[in-house]
Amino acid sequence: MSIDLRSDTVTRPTPAMRRAMAEAEVGDDIYGEDPTVNRLEERAAEILGKEAGLFVPTGTMGNVIAIKIHTEHGQEVVCESRAHILDWELSMTAWFAGCLVRPVYVEDGILTWTKLRDALRFPSPHCAPTGLIEIENTHNMAGGTVYPMDVLQEICENAHGHGIPVHMDGARIFNAACHLNRPVRELAAPADTVMFCLSKGLGAPVGSMLVGPAKAIERGRLYRKRLGGAMRQVGVLAAAGLIALEEMPHRLGEDHANARFLAGELAKLSGLKLHPERVQTNIVVFDVSATGLNSTEFIARLKPHGVLMSEASTPREVRAVTHFDVSRGDCAQAAEAVAELLANAGGSACATQLRS
Ligand code: TLP
């Protein structure tokens, strides 16, 4: 079987999750009668320190609902230029919420108030006003980077001072909390709403949570129905989600150490550009342009070596994500496979011009 570093989304449910799914107490969730879903929503809200929670099938749906809750048609949403909501959600900000995204580029993906400030727009006869600031923590395509608490607080305090809400795409907020060694509720506190995924590093097969003020989540429930995301005896999924939430966060440090190790090994190989000391969580993004291959070619040539990686934001970058289903040994093997690829590609790859 391949060593699958494409994403932490590929994790399979643990035996405990499978057992819990088989034994889950269920009811019709559209009537609010699924006790396992209700427990998951309550626990998610409690752990994140918010009033209420909503179980959604995907992180994408959680973000889309949050954007819709906070904005009106014709407004702008400010986010980092490689944000998941901009690059990977099929323009749902425009399609569903009727808003324009105004991106701001920051190399490490971590916005600051100073960077954001100039992108904000206020009501005028000429400009569409900013309806929402969206921050991604950890920042996926910038390489799993984490918002320092003071940066986060400064953004949220100033945004609120201007009457602008903040949504956190915290798909990997537990990884961020692990890196900062702070309770996750501290990271969630400054933002109005937070989406986080049960189905990534936490290992659940399906599901994400949107947490925030009770009134906002009540509206979110209606948007979830409109999007076709309201399900029936969905406690079978929530049961796995509860285990992901309660039992999996404590082991994320292992994935982070593996990612740092992998980055260190890759950095030894000529042709790859990366900074292992900048790896904070479970994502390694590296530049392959000096090999003469673009990311698609690099990934395709790596596959026969039994290692899967994925594309990142540009054709120059490849992404490797560590998770519960890959070990330190797998990471060592993956680095060896990359070394072999580079050796085999040799001069021919380097002679090929990067096609972007
Ligand atoms: N990210 C996926 C891909 O879509 C890129 C991955 O493999 O990392 N926010 C962030 C920051 C994400 O990384 C993702 C998934 C989502 C939202 C959406 O979650 P899902 O896939 O559940 O819709």
task: Using R₀ = 45 Å, calculate the FRET efficiency as 1/(1 + (r/R₀)^6) where r is the Cβ-Cβ separation of ARG121 and ARG251; round to 0.05.
output: 0.55
- line: Quick tally, 1.4 Å probe accessible area for PHE122, PHE174, PHE261, sorted with the most first, runs PHE122, PHE261, PHE174
query: Under unit Cβ charges (Lys, Arg +1; Asp, Glu -1), what dipole magnitude, rounded to 20 debye, does segment 11-247 have relative to its Cα centre?
result: 400
task: Extending each Cα 7 Å along its Cβ direction at SER310 and HIS162, get the distance between those two points in nm, one decimal.
output: 3.2
query: Using modelled amide H (1.01 Å from N, peptide plane; none on Pro or chain starts), what sits under 5 Å from the amide H of VAL307, excluding residues fewer than 5 places away?
result: ILE3
field: Residue-averaged 222 nm ellipticity for the chain, from DSSP H runs of 4+ at -39500 (n - 2.57), nearest 500
entry: -12500 deg cm²/dmol
task: Could you do me a favour and compute the accessible area per residue for segment 11-247, 1.4 Å probe, result in Å²?
output: 41
- prompt: To the nearest 0.05, how large is the calculated FRET efficiency for GLU340 and ASP287 if R₀ is 25 Å and r is the Cβ-Cβ distance?
  reply: 0.80
Isotropically averaged projected area of segment 251-346, using the convex hull of Cα atoms (one quarter of hull area), nm²: 5.4
field: Carbon and sulfur %, accessible surface of the chain computed with the full protein complex present, 1.4 Å
entry: 52
task: Run the dipole for segment 17-104 about the Cα centre, Lys and Arg Cβ at +1, Asp and Glu Cβ at -1, nothing else charged, and hand back the magnitude in debye, nearest 20.
output: 360
- request: Quick one: angle between helix 252-267 and the longest Cα principal axis of the chain, in degrees between 0 and 90, rounded to 10, please.
  value: 30
task: Take every DSSP beta bridge whose two residues both sit in the chain, then give the antiparallel share in percent to the nearest 5.
output: 50
query: Hey, what angle do you get for helix 149-161 against the long axis of the chain, alpha-carbon based, 0 to 90 degrees rounded to 10?
result: 40
statement: Reported to the nearest 10 Å², THR138 has, with a 1.4 Å probe, an accessible area equal to 0
field: Coil-residue trypsin sites (Lys or Arg not before Pro) of segment 100-158, DSSP, other Cβ within 10 Å capped at 11
entry: none
message: Can you compute the FRET efficiency between GLN333 and ASP28 using 1/(1 + (r/R0)^6), with r the Cβ-Cβ distance and R0 = 35 Å? Round to the nearest 0.05.
response: 0.15
message: Taking a ≥ b ≥ c as the square roots of the Cα gyration tensor eigenvalues, with a/c under 1.5 meaning rounded and otherwise prolate when a/b beats b/c, else oblate, which class fits segment 1-109?
response: oblate
query: Normalised by the number of residues in the chain, what is the relative contact order in percent for Cα pairs under 8 Å and 6+ residues apart?
result: 24
- prompt: Going by accessible area, probe 1.4 Å, with all protein chains left in place, what is the ranking of TYR223, TYR31, largest first?
  reply: TYR31, TYR223
- prompt: Using a basic spin-label model with each label point 7 Å from the Cα along Cα→Cβ, how many nm lie between LYS268 and SER91?
  reply: 4.7
message: What is the ratio of the Cα radius of gyration of the chain to 2.2 N^0.38 Å, with N the residue count, to two decimals?
response: 1.01
Tilt relative to the chain, helix 214-226 - C-alpha long axis, 0 to 90 degrees, to 10: 70
statement: Out of MET61, LEU111, TRP95 - ranked by how far each Cα lies towards the positive end of the dipole of segment 46-116, with unit charges on the beta-carbon of charged residues - the top one is TRP95
query: Points 7 angstrom from Cα along the Cβ direction at LYS303 and GLU46: gap in nanometres?
result: 4.6
task: Using only Cα atoms, locate the centre of segment 228-277 and the centre of segment 84-140, then give the distance between them in Å, rounded to an integer.
output: 25
- prompt: Dipole of the chain (Lys/Arg Cβ +1, Asp/Glu Cβ -1, origin at the Cα centre): which of ALA239, ALA339, ASN282 lies farthest to the positive side?
  reply: ALA339
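The values are calculated or read from the model by the stated rules, or taken from the named source; none is laboratory data. Remember, predicted model here, so these are calculated numbers, not experimental data. Cβ atoms come from the backbone with ideal geometry, glycine included; neighbour counts cover every protein chain shown. Protein only, heavy atoms only, side chains kept; ligands, DNA and RNA dropped before computing areas. Shrake-Rupley method; radii C 1.70, N 1.55, O 1.52, S 1.80 Å.
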